[in-house]
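The values are calculated or read from the model by the stated rules, or taken from the named source; none is laboratory data. Just so we're clear, the structure is a prediction, and the values are computed from it rather than from any experiment. Glycine gets a Cβ as well: all are built from the backbone with ideal geometry, and neighbour counts include every protein chain shown. Ligands, DNA and RNA are excluded from the accessible area calculation, which covers all protein heavy atoms including side chains. Shrake-Rupley method; radii C 1.70, N 1.55, O 1.52, S 1.80 Å.
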Amino acid sequence: MGKHVLLVEDELNIIEAIRFLLSREGWEVDTHSNGTDAAQVIRERKPDLVVLDVMLPGKSGFDILEELRSHEQTADLPVLMLTARGQSRDREMAEKAGVSRFMTKPFSNTEVLTAVRDLLYVHGQRT
Amino acid sequence: MASLNALIAVCLAYVFLLFCVAFLAERAGMKGQMGWLLRSPLVYTLSLSIYCTGWTFYGAVGYAARSGLEYVTIYLGPSLVIVGWWWVLRRLVRIGRSHKVTSIADLISSRYGKSNALAIVVTIMAVIGVTPYIALQLQSVTSSLAIFAAADDGTFSQSTDASAAGFWIAVGLALFTVLFGTRNLNVNERHHGVVIAVAVEAVVKLIALMAVGAFVVWGIAGGVSDTLERIDASALGTWQIDGSRWAGLTFLSAAAFLCLPRMFQVMVVENDDERHLQIASWAFPLYLMLMSLFVVPIAVIGLDLLPAGSNPDFFVLSLPLSQGREGLATLSFLGGFSSATSMVIVATLALSTMVSNHVVMPIFLYLRQGGATQSGDVRNVVLLSRRLSILGIIGLGYVYYQASGGSSALAAIGLISFAGVAQFLPAMLGGIFWRGATRVGALVGLGVGFSLWVFTMLLPSFGPGVVLSVDTFQNGFLGIGWLRPQALFGIPGIDPTVHAVFWSLLLNAASFACVSLVTFPHPLERLQGAQFVNVFQHSAQTRGWQVSVAESEDLMIMTQRILGAREAQLLFQREATMQGRRGYLPEPTPDFLQRLERELAGSVGAATAHAMIGQIVGGTSVSVQDLLAVADESAQMLEYSSQLEAKSRELSQTAAQLRQANDKLTRLSHQKDAFLSQISHELRTPMTSIRAFSEIMRDTEGLEDREKAKYANIIHVEAIRLTRLLDDLLDLSVLENGQVTLNVQSGELSDLLDRAVATAQASESREIEVQREALRENVQLHTDLDRLGQVFINLITNAQKYCRAEKPVLRIEVSQLGKAVAVDFIDNGFGVPHASRDVMFEKFSRVGAEDGKGAGLGLAICREIMTRLGGDVTYLDGTGGTGFRVLLPQSQALAAQ
């Protein structure tokens, strides 16, 4: 199976960095920069993994995650959440919304790669 | 003629004597001398004898001649009343003294809540009832003069001279009453001069009547036994007692004795000492007995000796005259004169007090509108109104005398008068014995009784066909059968006097009681009622407890409620031990009760404690002082509770302020959280890129140079962004804390704009066409030019960044707004969405968020700067694009002219 990741992020430089990292790992990296229609785009493109920023124009990452979880198709989708706000309350909110993995910016590249691998593995085990 | 003149001379001398006596007594009274005499029970008793008027003096004999012993009833009633003084008179006198009652009208009005309406009704009724009586006295004097004259030589013409004499007598009486009745305004309305004069007259009339009686018995009849034989032989010896008439007349005279205004005056108002009643209770009946002793002998001998057709009313006078005893006759005349004058004087005095106090003065004060407090000469007005009232009343009596022509028998007029004033009895006795009596009840009772008296007694007394038609007598008022004046409710056959007295007083009392039961008294009425009914409890000095029915257990229960169970038990136990009793229920001795009251007073206040114990002990009802004290305490409690209310209002205000402060703090705390969150985000985002790319460059092997250069550039750009962010934050922090020091310089607005446009265009890659009007920019500025330039640069840069027009154009327009100068920056973009306009000047609010480069601090900094400079920066509506206006106050912008 192909490794298809959708990166939902609005900072161009961060997109650039993550794209670089994941494509070298053999991922097919797809990006989207708007929060408003993110959930719909995710359902359409059917990625194996979503990397989701919290502060997005139009809609927050938490809302998008809740929408994903409430939808049958994306209920189990592995979601790695990245946030620059880094407060413990954000982590709680993310976990409540059903996040698979939560990381604060700035992240270490290896951590991101490990997290992505783990998520995919765990997901593979379950399905 | 000489004899008549002598009589008039004697009369004048006698009157002069009376004036002197009254004058001396009045002076002594004012100086406080002769108190033993002025305030002696003897004088009091003698003054009561004004009950015996000309009617009694002359009329009793006439009465006896006509109806036998029935005249005794007139003496019997008052005797019963005064012998039973303990029940009624004592109470009346105590009330009169403790309430400073001035007349019977005052008593009744005062009892029923100081109702002036009631006072007026009573006054009017009294005037109507007593005026005939005054006329009667005038008539008795003039008639006696006439008899003297007839015996003399017959030149005394009944029609002219009698009326002249009547007139002069009326004038004299009025003069005396005015002189001694209204000398001064006394708080307690006592008139020593009048009372002494009345007492002297009482002695004179007693001596006169006794002398005539003695003359008749021993001088004419020849001894007691002969007299008794003659009495047996006469028609009077075979008298029959009509039970109902006796009972009725006795009752009537008793009622009149209490209710007659003049009796009330001497008995209650002029009373100095309650103990006088005790002596009067045997002395006055004795006086009455002496007065009546020779009535029957005189009547019998008179009937025997005098020619048939002579008026038996004047046997007392005509008998001595017929025997040629002019001296005795003169004495007798003086006796009658005394009786008549003393009655007129006191009655007029009493009536004038009533008329003046309850009719004239209220009207005067009402007309004055200002009330009595406004002028000092109300005293004189009162005296004047008294005097006018006296003249008016005596005048009324004279007019009545003239009008009635002296036709009726003296006794008949007296009885009518008695029955009239007796109508006060239910309201008066009900008022002093029954707390349930109400004002309305009294009014209705008086009204009913008085109307019946007028209908059944006063109007019929003029005879059939005078006021009431013969038809009314036979068939009833308006032809209604049961409204016949002498046979009410279709019950005929009762003696007219008894009939009238019975029905009027019965219906009076019944309606008074019924209406009182269904109406509700005013508070003042109730208070007065309680004071009148319980006058003896209230006027007692001590407030000790009579422990007759005190229940220790009840006291215990009450005390527990107030002090708490433990305290109460301890207190009671201690008391019981002190009394040497086992258990914890002490004997409710007065000592204990007073201690208990003190204990309770500490908790609930003295008056309440007294009232509470009073309720349980039952020894006393709550006195007015108690009530007033309770009211005082309640007022204090009210004040206290209003203070508490104010306190609690303050507290709730404070609480509201605290709540507001708390809300504000919470809001600030939220803002701080949001701010920190924003700062974190703004700092972490560039750092994320920097870290990610530096790790990539470090860890990735075989990166192309092009890639390396690109990533290094990203790191560089993000580092600059971070620096700028920190600069902005510091700047804002300094501005917000007011720590900024302004570097004030002078300069041209156009120069400043030139520099700002150049700087902005150099730092931002995106091109924008800037349109300016050089002429209008010719404004001299005196402010911190660097800071103002910062604002201009920020606004121009924003336009460069966010103007989404195909061909971006920025117009910079300068205009004079009053005294201020406005610099507008207007681009041809799409404007700022309405929802964002409120928040666009807040920190970290980004409008054109797609870019994501700005931290959203620029406009916040602009606004802070402009605030510091004393100007403002606002969003400009309706420009077609995005517009901002920078407003510079006059002090900093001087048009360069």
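Points to keep in mind about this one:
- Here segment B:664-782 is treated with +1 on each Lys and Arg Cβ and -1 on each Asp and Glu Cβ, and its dipole about the Cα centre works out to around 500 debye.
- Largest GNM mean-square fluctuation among A:THR36, A:THR110, A:THR74, using chain A with Cα springs under 10 Å: A:THR110.
- Spacing of the modelled spin labels on B:TRP87 and B:SER765, each 7 Å from Cα toward Cβ, amounts to 12.8 nm.
- A:ARG45-B:GLN660 FRET efficiency (beta carbon distance; Förster radius 51 Å; 0.05 resolution): 0.50
- Near-label residues of segment B:60-88 by backbone N, under 19 Å of a point 7 Å along Cα→Cβ of B:ALA233: B:65
- Across chain A, Cα pairs under 8 Å and at least six residues apart give a relative contact order of 22 percent.
- Computed over segment B:742-895, the quotient of the alpha carbon radius of gyration and 2.2 N^0.38 Å is 0.98.
- Pairwise FRET efficiency - B:ARG245 versus B:LEU17, Cβ, R0 = 41 Å, nearest 0.05: 0.50
- Taking other residues whose beta carbon is less than 13 angstrom from the beta carbon of B:ALA280, and scoring Lys, Arg as +1 and Asp, Glu as -1, yields -2.
- Sparse-neighbourhood loop sites, trypsin sites (Lys or Arg not before Pro) in segment B:97-145 - DSSP loop, at most 13 other Cβ within 10 angstrom: B:LYS100
- Accessible-area loss of 10 Å² or more (1.4 Å probe, protein heavy atoms, chain alone versus all protein chains) is found in segment A:73-98 for A:ALA84, A:ARG85, A:GLY86, A:GLN87, A:ARG89.
- For B:ASP232, neighbours were defined as the other residues whose beta-carbon sits under 13 Å from its Cβ, and their charges (Lys and Arg +1, Asp and Glu -1) total -2.
- Solvent-accessible area per residue in chain A equals 47 Å², computed with a 1.4 angstrom probe and all protein chains kept.
- Relative to the Cα centre, the charge distribution of segment A:4-122, modelled as +1 at Lys and Arg Cβ and -1 at Asp and Glu Cβ, gives a dipole magnitude of about 220 debye.
- Annotation for segment A:24-127: trypsin sites (Lys or Arg not before Pro) lying in DSSP loop with at most 10 further Cβ atoms inside 10 Å of their Cβ do not exist.
- Leaving ligands and nucleic acids aside, the B/A contact buries around 2100 square angstrom of accessible area in total at a 1.4 Å probe radius.
- Pair B:ARG698, B:SER451: separation of 7 Å Cα→Cβ label points (nm): 12.2 nm
- Working from label points 7 Å from Cα in the Cα-to-Cβ sense, the B:LEU638 to B:LEU42 distance is 5.7 nm.
- Efficiency of FRET between A:THR114 and B:GLU842 - r from beta-carbon atoms, R0 35 angstrom, step 0.05: 0.35
- Members of B:LYS710/B:LYS801; A:LYS3/B:LYS708; A:LYS105/B:LYS710; A:LYS3/B:LYS843; A:LYS46/A:LYS105 lying beyond 32 Å, as alpha-carbon distances in this model show: A:LYS3/B:LYS843
- Here the ratio of the Cα radius of gyration of chain A to 2.2 N^0.38 Å is 0.95.
- Hz values of 3J(HN,Hα) by residue in segment B:77-94 - Karplus curve (6.51, -1.76, 1.60), Gly and Pro given as x: x, x, 4, 4, 4, 7, 5, x, 4, 4, 7, 10, 4, 4, 4, 4, 5, 4
- Solvent-accessible ranking of B:CYS52, B:CYS514, largest area first, probe 1.4 Å: B:CYS514, B:CYS52
- Qualifying GluC sites (Glu not before Pro) in segment B:694-732, DSSP loop, other Cβ atoms within 10 Å at most 15: B:GLU701, B:GLU704
- Taking only the Cα atoms of segment B:706-747, the radius of gyration and Dmax are 17.0, 51 Å.
- Surface composition of segment A:4-122: carbon plus sulfur atoms contribute 45% of the solvent-accessible area (1.4 Å probe, protein chains only, all chains present).
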